[in-house]
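Here's the structure, in structure tokens; my notes come after.
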Amino acid sequence: MSSLKDYSDLFERLDLTEISVKDGDFELVMKKEKTVNSGSVGNNGSAVSVGNAESIANTVNTVNIENIKDAGTSEKNYHEIKAPLLGIFYDKNSDEPLISVGTKVKKGDVLCSIEAMKMLNDVVSDTDGVIEEICAKNGEMVEFHQTLFKIKE
């Protein structure tokens with residue numbers, strides 16, 4: 001995507017409440033607060049605080065640029081593989097699943113693909129281990145930094 005307007009349009013079209021984007025050194029987090037107040041009502045049914053600019057207020061109430069830290073290894077004795085971008089999750093190559101629960105994986109193995117802007121992006125394992133849980137379903141929309149897999153190292 002080339003501009004904040006593109007991200008704002010995507011945010012509104014998918015009716016998201018939060019989106020996080022990281023591209024090199026650029027990081028963007030957009031959040032929509034659903035509040036009930038005496039303000040006007042936005043085009044998606046959520047309340048919009050009085051005083052926000054009309055053009056963006058109906059889509060995004062808050063835009064924050066912040067550092068996003070990788071959660072790394074969880075306290076629950078497994079490693080989480082998170083979505084590197086927003087898109088559609090595919091865990092199948094033709095009719096065969098790429099991996100399943102109990103599959104042994106090595107660092108660099110392709111676990112799934114995420115389709116974004118009509119391009120398939122492979123998600124690879126960053127550790128050796130065994131797939132303990134697949135947290136997304138084939139064909140489902142996943143958000144940036146959403147947990148896709150839990151791997152027991």
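Data for the structure
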quantity: Any hit, region 18-36, residues being under 27 Å from E153 (Cα atoms) and either assigned to a loop (DSSP other than H, G, I, E, B) or modelled with pLDDT under 80 (or both); calculated: yes
quantity: V105 being β-branched (V, I, T) and under 14 Å from the mean Cα position of the chain (by Cα); calculated: no
quantity: Any pair with Cβ under 6 angstrom, 6 or more apart, that starts in region 10-24 at a residue that is farther than 12 Å from F144 by Cβ and ends at one that is surrounded by 15 or more Cβ atoms within 10 Å (Cβ to Cβ); calculated: E12/T59; T17/K32
quantity: Answer residue from region 98-120, given it is at pLDDT below 90 and surrounded by 13 or more Cβ atoms within 10 Å (Cβ to Cβ) and is farthest from K152 (Cα to Cα) among those; calculated: L98
quantity: Top-ranked residue in region 110-153 [being in contact (Cβ under 8 Å) with a residue 40 or more places away in the chain and small (G, A, S); ranked as farthest from E80 (Cα to Cα)]; calculated: G139
quantity: Selection within region 79-109 - without any contact (Cβ under 8 Å) to a residue 60 or more places away in the chain and closer than 29 Å to M30 by Cα; calculated: G87, I88, F89, Y90, D91
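The values are calculated or read from the model by the stated rules, or taken from the named source; none is laboratory data. Not measured: the values here are computed from a predicted model. Glycine also receives a Cβ, built like all others from the backbone with ideal geometry; neighbour counts cover every protein chain displayed.
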